[in-house]
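A short write-up of the structure that comes next.
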Amino acid sequence: MEDGRIVAVGEVDRSADEVVDCTGCAVLPGLINLHNHVPNTLLRGVADDVPLEEMLPKAAAIDAKFTRRDVQVGALLGCVEMIRSGTTSFHDLFYWEDEVARAVRESGIRGFLSWVTLDESRTTQHGNPVKNADAFVAKHKGDAIVTPSVGVQGVYAASEETFLKSKEVAERHKVRMHMHLAETRGEVEGHRKETGLRPVEWLEKIGFLESRLTAAHAVWTTINEIRTLARHGVSVAHCPVSNMKLASGGVAPVPEMLQERIDVGLGTDSPISNNSMDLFADMKIAALLHKATRWDARAMPAQTVLDLATIGAARALHVDSEIGSIEVGKRADLAVVSLRGPHTTPFYPETLMSHLVYSCRGSDVQATVVDGKVLMADRTVRTLDEAEVVVRAQETARELFEA
Ligand SMILES: [Zn+2]
């Protein structure tokens, strides 16, 4: 690696300032978490075993007390957790993303950060959400490690006007868009009752669907809606753990999305609804979910699932020329995963894909590199004082919880 990029792969006859020992390990393209709300680490465990409709008000009651500092502390904790489990990029949807950006820079992880918009009447944000998103994007555009974008909460929280204003901001700045779409049956039915159209149909009618957009979930979508998303080049963040935990019902039709050539990646979603950010766990669950519900052990094989968490997510964000695979010239974003544990033995090269998806855990990651910078080696995070981040997060969460 040189100047943040991969300059050679395989046997290399060069000297280096630093050599990371990868004996008995696989070197992977760093994993990409395509849908997250990272400051919500502080709410981990506060709203479990209830559906989305009950989870949201519980979360909102604490969220309403968030200060800028809380958002930063929560984001730092999430960044540490992701670095420790081999995630090198994440796609976030939250407000005060400038505080998340601060955590990203401090930790060294790559952040694709979407400032969420919704109707002013429904937000806890200070000021107008669309104007906030506009200012955030303007300030962080062109940064090496922070890629800003415009988010929209979903059809249940944003009017046609909010959607179109957000799109105008994204187009003006030439940045991406990120939203929740067709997550629950309630969302789809509610929108149909209100507008006569299902969310995908309505978004197409108002002219919101386009290749700049990544939609999280897309659980309740018909084959026609999948074709609509494909036709407009919309990419999808599949969040199987969150969908299962909130009992959203149904299963996102990911095999059909892939068949229709939609770019799909894997997201953990919020730490309130996952509750972890270990993409190794989510890869395994994604594979099992589709096999189990289709009675087809061949559905979603290991390689397909690993692709979702790497190059698939990079394609979804239109950054596959820069990240998502190990190739000369790409940014050096890597995860070094041990295959020496009892749970990954015996190991043969032929079993690599299957071990990575079915046996490995985030705790097998030995080193994480982003943009050529070693963020963790020998399981020690270098960029942050991990113990201090954990203590601060614990204190901050307790204050919020008890306030
Ligand atoms: Zn979400």
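At a 1.4 Å probe, what is the % contribution of carbon and sulfur to the accessible area of the chain? Provide the component values of the computation, followed by the final result.
Working: 8570 of 16860 Å².
Roughly 51 percent, rounded to a whole number.
Residue-wise, which Karplus ³J(HN,Hα) couplings in Hz belong to the stretch 65-78, taking 6.51 cos²θ - 1.76 cosθ + 1.60, θ = phi - 60°, and x for glycine or proline?
Karplus values, whole Hz, x for Gly and Pro: 8, 4, 9, 4, 5, 4, 4, 5, 5, x, 5, 4, 4, x.
Net charge within 13 Å of Val241 by Cβ-Cβ distance, Lys/Arg positive one each and Asp/Glu negative one each, not counting Val241 itself? Walk me through the intermediate numbers first.
Working: positive: Lys245, Lys284; negative: Asp48, Asp269, Asp278, Asp282.
Net charge in that neighbourhood comes out at -2.
Compute the accessible area per residue over the chain, keeping the other protein chains in place, probe 1.4 Å, unit Å². Present the calculation step by step, with values, prior to reporting the outcome.
Values: 16860 Å² over 403 residues.
Solvent-accessible surface per residue comes out at 42 Å².
Cβ neighbours within 10 Å, averaged per peptide: list 142-152, 191-201, 228-238 in order, most packed at the top. Before the final figure, lay out the partial values.
On the way: 142-152: 21.5, 191-201: 16.8, 228-238: 23.2.
Descending mean neighbour count gives 228-238, 142-152, 191-201.
Label points 7 Å out from Cα along the Cβ direction at Arg105 and Arg5: separation in nm?
Rounded to a tenth, the inter-label distance reads 2.5 nm.
What are the extents of the Cα atoms of the stretch 235-348 along their three principal axes, listed from largest to smallest and rounded to whole Å?
42, 38, 31
Largest first and in whole Å, what are the equivalent-ellipsoid semi-axes of the chain based on the Cα gyration tensor, each being the root of 5 times an eigenvalue?
Details: eigenvalues 200, 120, 87 Å².
Its equivalent ellipsoid spans semi-axes of 32, 24, 21 Å.
Which value, in Å³ per residue, describes the convex hull spanned by the Cα atoms of the stretch 1-129? Could you put the intermediate results ahead of the total?
Values: hull volume 19.0 nm³, N = 129.
With only Cα atoms used, the stretch 1-129 gives 147 Å³ per residue.
In µm²/s, what is D for the stretch 321-382 at 10 °C and 1.306 mPa s, where D = kT/(6 pi eta Rh) by Stokes-Einstein and Rh is the Kirkwood radius from Cα pairs?
Working: Rh = 12.8 Å.
Translational D for this selection: 124 µm²/s.
Among 327-333, 267-273, how do they line up from the highest to the lowest mean number of other beta-carbon atoms within 10 Å? Intermediate results must be reported in sequence, preceding the final value.
Numbers: 327-333: 18.4, 267-273: 27.6.
Averaged packing, sorted descending, gives the order 267-273, 327-333.
Plugging the Kirkwood radius over Cα pairs into Stokes-Einstein for the stretch 177-247, at a temperature of 37 °C and a viscosity of 0.692 mPa s, what D comes out in µm²/s?
Rounded, D is 268 µm²/s.
Which value results when the Cα radius of gyration for the stretch 114-204 is divided by 2.2 N^0.38 Å?
On the way: Rg = 13.7 Å, N = 91, 2.2 N^0.38 = 12.2 Å.
Compactness ratio reported: 1.12.
What net charge do the residues around Val391 carry, taking every other residue with its C-beta under 14 Å from that of Val391, with Lys and Arg at +1 and Asp and Glu at -1?
Details: positive: Arg392, Arg398; negative: Asp385, Glu386, Glu388, Glu395, Glu399.
Counting the neighbours of Val391, the net charge comes to -3.
In nm, to one decimal, how far is the modelled label at Glu327 from the one at Thr23, with both set 7 Å along Cα→Cβ?
Placing both labels 7 Å along Cα→Cβ, they lie 3.3 nm apart.
For the stretch 33-75, report the % of Cα-Cα distances exceeding 12 Å. Write down the numbers at each step before the final one.
Numbers: 559 of 903 pairs.
For the stretch 33-75, the share of Cα pairs beyond 12 Å comes to 62 percent.
Compute the length gained on full extension between Asp296 and Asp49: take 0.36 nm times their separation in residues and subtract their Cα-Cα distance, giving the result in nm to one decimal. Provide the component values of the computation, followed by the final result.
Numbers: separation 247, 0.36 × 247 = 88.92 nm, distance 2.85 nm.
Result for the pair: 86.1 nm of gain on full extension.
Based on the Cβ-Cβ distance of Glu399 and Ser363, what FRET efficiency does E = 1/(1 + (r/R0)^6) give at R0 = 30 Å, to the nearest 0.05?
On the way: r = 29 Å, r/R0 = 0.97.
Efficiency for this residue pair is about 0.55.
Any idea of Val251's accessible area? Nearest 10 Å², probe 1.4 Å.
Result for Val251: roughly 40 Å² accessible.
In terms of solvent-accessible area of protein heavy atoms at a 1.4 angstrom probe, what is the ranking of Thr344, Thr383, highest value first? Walk me through the numbers on the way to the answer.
On the way: Thr344 0, Thr383 35 Å².
Most to least solvent-accessible, the answer reads Thr383, Thr344.
Which length gain, in nm to one decimal place, applies between Arg231 and Asp378 when the Cα-Cα distance is subtracted from 0.36 nm times their residue separation?
Values: separation 147, 0.36 × 147 = 52.92 nm, distance 4.53 nm.
Fully extending the segment from Arg231 to Asp378 adds 48.4 nm.
Given Lys174/Lys330; Lys141/Lys245; Lys139/Lys330; Lys131/Lys205; Lys58/Lys139, which pairs have Cα atoms separated by over 28 Å? Mind dumping the intermediate values first?
Details: Lys174/Lys330 22 Å; Lys141/Lys245 35 Å; Lys139/Lys330 26 Å; Lys131/Lys205 24 Å; Lys58/Lys139 33 Å.
Exceeds cut-off: Lys141/Lys245; Lys58/Lys139.
Which values of log₁₀ I(q)/I(0), to two decimal places, follow from the Debye formula for the stretch 61-156 at q = 0.14, 0.19, 0.20, 0.21 Å⁻¹ with a uniform point scatterer at every Cα?
For the requested q values the scattering log ratios are -0.49, -0.89, -0.97, -1.06.
Say R0 is 25 Å: what FRET efficiency, to the nearest 0.05, do Glu350 and Ile285 get from their beta-carbon distance?
Numbers: r = 24 Å, r/R0 = 0.95.
Plugging the Cβ-Cβ distance into 1/(1 + (r/R0)^6) gives 0.55.
Relative contact order for the stretch 203-263: what percent, with Cα pairs under 8 Å and sequence separation of 6 or more? Display every interim value, and only then the final one.
Numbers: 72 pairs, mean separation 23.7, N = 61.
Rounded, it is 39 percent for the stretch 203-263.
Which order do Asp92, Asp21 take by accessible area at a 1.4 Å probe, largest first? Write out the running numbers ahead of the final one.
Values: Asp92 0, Asp21 110 Å².
Largest accessible area first, the residues go Asp21, Asp92.
Fully extended, how many nm does the chain gain between Asp143 and Val12 (0.36 nm per residue separation, minus their Cα-Cα distance)?
Numbers: separation 131, 0.36 × 131 = 47.16 nm, distance 3.09 nm.
Full-extension gain reported as 44.1 nm.
Cys25's amide H: which non-local residues (gap 5+, or another chain) put their own amide H closer than 5 Å, with H modeled 1.01 Å from N in plane and none for Pro or chain starts?
It is Leu339, by chain and number.
The values are calculated or read from the model by the stated rules, or taken from the named source; none is laboratory data. No experiment lies behind these values; they were computed from the predicted model shown. All Cβ positions, glycine included, derive from the backbone under ideal geometry; neighbour counts span all protein chains shown. Keep in mind that these areas ignore ligands, DNA and RNA; they rest on the heavy atoms of the full protein, side chains included. Shrake-Rupley method; radii C 1.70, N 1.55, O 1.52, S 1.80 Å.
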